[in-house]
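Down below is the structure, laid out as structure tokens.
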Amino acid sequence: MLTKRIIPCLDVKDGKTVKGVNFLNLRDAGDPVELGALYSQQGADELVFLDITATLEKRKTLVELVKRVAQNINIPFTIGGGIGSIEDVSACLNAGADKVSVNSSAIKNPGLIDQLSKEFGNQCIVVAIDTRSVNGKNLVHSHGGTKPTDIDTILWAKEMQERGAGELLLTSMDHDGTKAGFANELTAHISSTVSIPIIASGGAGNMEHFTDVFTKGKADAALAASIFHFKEIAIPELKAYLKSNNIRMRI
Amino acid sequence: MKLAIVKYNAGNIQSVIYALNRLGIEPVLTDDVEELKSADKILFPGQGEASNAMQYLRARGLDKVIKDLKQPVFGICIGQQLLCEHSEENNTDCLGVIPAKVKKFPPLDKVPHIGWNTIKDLKSPLFKGVNEDSYVYFVHSYYVEANPFQIATTDYILPYACALQKDNFYAVQFHPEKSSDVGEQILKNFIEL
């Protein structure tokens, strides 16, 4: 049986892991490759690295990180952060990344997803969607979740699938950093609307939240950062707990 | 030992190279016929789309070269599918080394099949030291139908052949290079065949 996946996310800035509360107030949490290898040994099913370094030579920074990760880690990983062209994706995949995550660039130019999936196959194209509720409507936000757009989140998820996304990484900005649980209702709605896997992100605070996002939220994978980085939840315990709650897990 | 990786247009082989490096092997990435023929072992990995890959291999005469190889050959992911007879992906005639057919998953669950799933009915030296129901990592939308040459099966939407063997040709649908310790053992087993 296919298992649900537990995915630690490592935000990387200038070669170091950081994680913000509501994407602000970044705190240092160590070397990304070392941390990634540790998570892999502990049973993480995949890793996501988001490079938030703002440099002119963005692609070079990404490729260096991808290379170091791919050399040292034997589970799949996704790279994201400012990926905006076929050349960026090609460079990351050739350096050993399994998937790339595209966010703001897809909002700017939705046709990019058609191009990328045609060129590289949809299995390696993850579209990251940052969503926030504005006056009762779920709207897509760009630029690290800071800029609202007028795009409806559910319609956007459908469009991204149609254009060739292989997975969706859904981050609820309303829940991110709150530790109050994932956005289960919205996640379930999107998961039932599209036919590609959904990675839910934002709001993990305890182990029960993960049970909820897989059952109520119908997520295929759950992503979290700070609760893993600051050792509030250990991955082996989390997976054992989920398995005892009848969630399919690789132990 | 000389291990050659078939160089063609199906991308993302860097992680396979790194995985071999971790096992102490420096593979040669080549589309040179003589170099492929003289290698002790051949890896045929890749991700991508079947018809483009076949077109590329035919244009360079690599289709015949691969079929005639006598040393152990290991197809991974699209490599496995290309070793079969035919793929529903853009109605493509493949290499026909293994008489099996590649089909698209019916849309009864999410496709692609992405993530960790179990392998069972293991029967090949490729799986020496690998337990039944071990977890490996899959990413694919097309699958190989159950057939007499299967050496392992997986269940997703339906039971299918996730690994094949015929004579010197071995192949798996999943990604051993991404399947943690289990995957490493399978790669090691191939190297030690």
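The values are calculated or read from the model by the stated rules, or taken from the named source; none is laboratory data. Keep in mind that this is a model prediction, so the values were computed, not measured. Here the Cβ positions follow ideal geometry from the backbone for every residue, glycine too, while neighbour counts run over all protein chains shown. Calculation scope for accessible area: heavy atoms of the full protein, side chains included, ligands and nucleic acids excluded. Shrake-Rupley method; radii C 1.70, N 1.55, O 1.52, S 1.80 Å.
Counting only residues that are on the phi < 0 side of the Ramachandran plot and among the basic types (Lys, Arg), give me the helices (runs of 4 or more DSSP H) lying completely in the stretch A:163-251 with at least 2 of them.
Passing ranges, in order: A:235-244.
Answer yes or no: is there a residue in the stretch B:91-111 that is modelled with pLDDT of 95 or more, assigned to a helix (DSSP H, G or I), open to solvent by less than 20 Å² (accessible area, probe 1.4 Å) and not polar (S, T, N, Q).
No, the stretch B:91-111 has no match at all.
Would you check if there is a residue in the stretch B:62-74 being surrounded by 15 or more Cβ atoms within 10 Å (Cβ to Cβ) and under 30 Å from A:Ile198 (Cβ atoms)?
No - not one qualifying residue is present in the stretch B:62-74.
Residues checked against (1) assigned to a helix (DSSP H, G or I); (2) free of Cβ contacts under 8 Å to residues at least 40 places away in the same chain:
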site	(1), (2)
B:Ile151	no, yes
B:Asp155	no, yes
B:Pro159	no, yes
B:Cys162	no, no
B:Ala171	no, no
B:Asp181	yes, yes
B:Ile186	yes, no
B:Asn189	yes, no
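Among the residues of the stretch B:60-75, is there at least one that is closer than 18 Å to B:Val139 by Cα and within 13 Å of the chain's Cα centre (by Cα)?
Within the stretch B:60-75, one or more residues are closer than 18 Å to B:Val139 by Cα and within 13 Å of the chain's Cα centre (by Cα).
Would you pick out the residues in the stretch A:133-160 that are at pLDDT 95 or above and surrounded by 20 or more Cβ atoms within 10 Å (Cβ to Cβ)?
Within the stretch A:133-160, A:Asn138, A:Val140, A:His141, A:Thr153, A:Trp156, A:Ala157, A:Met160 meet the criteria.
Which numbered condition trips up B:Ile25, out of (1) part of a loop (DSSP other than H, G, I, E, B); (2) under 29 Å from A:Lys118 (Cα atoms)?
Of (1) part of a loop (DSSP other than H, G, I, E, B); (2) under 29 Å from A:Lys118 (Cα atoms), only one is false for B:Ile25: (2).
Test of understanding: among B:Gly79, B:Gly24, which residue is of a type outside the set (Ser, Thr, Tyr) and on the phi > 0 side of the Ramachandran plot?
The unique qualifying residue is B:Gly24.
Looking at A:Ala37, A:Ala106, A:Ala70, can you tell me which residue is surrounded by fewer than 19 Cβ atoms within 10 Å (Cβ to Cβ) and not hydroxyl-bearing (Ser, Thr, Tyr)?
Checking each option against the conditions leaves just A:Ala37.
Go through the stretch B:141-184 and report how many residues are open to solvent by less than 10 Å² (accessible area, probe 1.4 Å), of a type outside the set (Val, Ile, Thr), out of contact with any Asp or Glu (no Cβ under 9 Å at 6 or more places or on another chain) and within 10 Å of chain A (Cβ to nearest Cβ).
1
Output yes when any residue across the stretch A:95-106 is within 14 Å of chain B (Cβ to nearest Cβ), touching an Asp or Glu at 6+ places or on another chain (Cβ under 9 Å) and of a type in the set (Asp, Glu), and no when none is.
Among the residues of the stretch A:95-106, at least one is within 14 Å of chain B (Cβ to nearest Cβ), touching an Asp or Glu at 6+ places or on another chain (Cβ under 9 Å) and of a type in the set (Asp, Glu), which makes the answer yes.
Restricting attention to the stretch A:161-171, which residues are surrounded by 22 or more Cβ atoms within 10 Å (Cβ to Cβ) and either without any contact (Cβ under 8 Å) to a residue 12 or more places away in the chain or more than 23 Å from A:Ile86 (Cβ to Cβ) (or both)?
A:Leu170, A:Thr171, listed by residue number.
Could you please find all residues in the stretch B:31-59 being among the hydroxyl-bearing types (Ser, Thr, Tyr) and within 17 Å of the chain's Cα centre (by Cα)?
Passing the criteria: only B:Ser51.
Within the stretch A:13-51, how many residues are at pLDDT below 90 and within 22 Å of A:Lys179 (Cα to Cα)?
15
Of all residues in the stretch B:1-50, which are open to solvent by less than 20 Å² (accessible area, probe 1.4 Å), among the aliphatic types (A, V, I, L, M) and within 11 Å of another protein chain (Cβ to nearest Cβ)?
Scanning the stretch B:1-50 gives B:Ala10, B:Val16, B:Ala19, B:Ala50.
What's the total number of residues in the stretch A:78-103 that are open to solvent by 30 Å² or more (accessible area, probe 1.4 Å), over 23 Å from A:Thr153 (Cβ atoms) and either touching a His at 6+ places or on another chain (Cβ under 6 Å) or not hydroxyl-bearing (Ser, Thr, Tyr) (or both)?
Count: 3.
To keep it simple, each residue is scored yes or no on (1) crowded, with 23+ Cβ neighbours inside 10 Å; (2) more than 19 Å from the chain's Cα centre (by Cα); (3) closer than 13 Å to A:Val100 by Cβ; (4) within 14 Å of another protein chain (Cβ to nearest Cβ).
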| residue | (1), (2), (3), (4) |
| --- | --- |
| A:Asp45 | yes, no, no, yes |
| A:Val48 | yes, no, yes, yes |
| A:Thr55 | no, yes, no, no |
| A:Pro76 | yes, no, yes, yes |
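With A:Ser226, A:Ser192 as the choices, which residue is open to solvent by 10 Å² or more (accessible area, probe 1.4 Å), within 14 Å of the chain's Cα centre (by Cα) and under 21 Å from A:Arg132 (Cα atoms)?
A:Ser226
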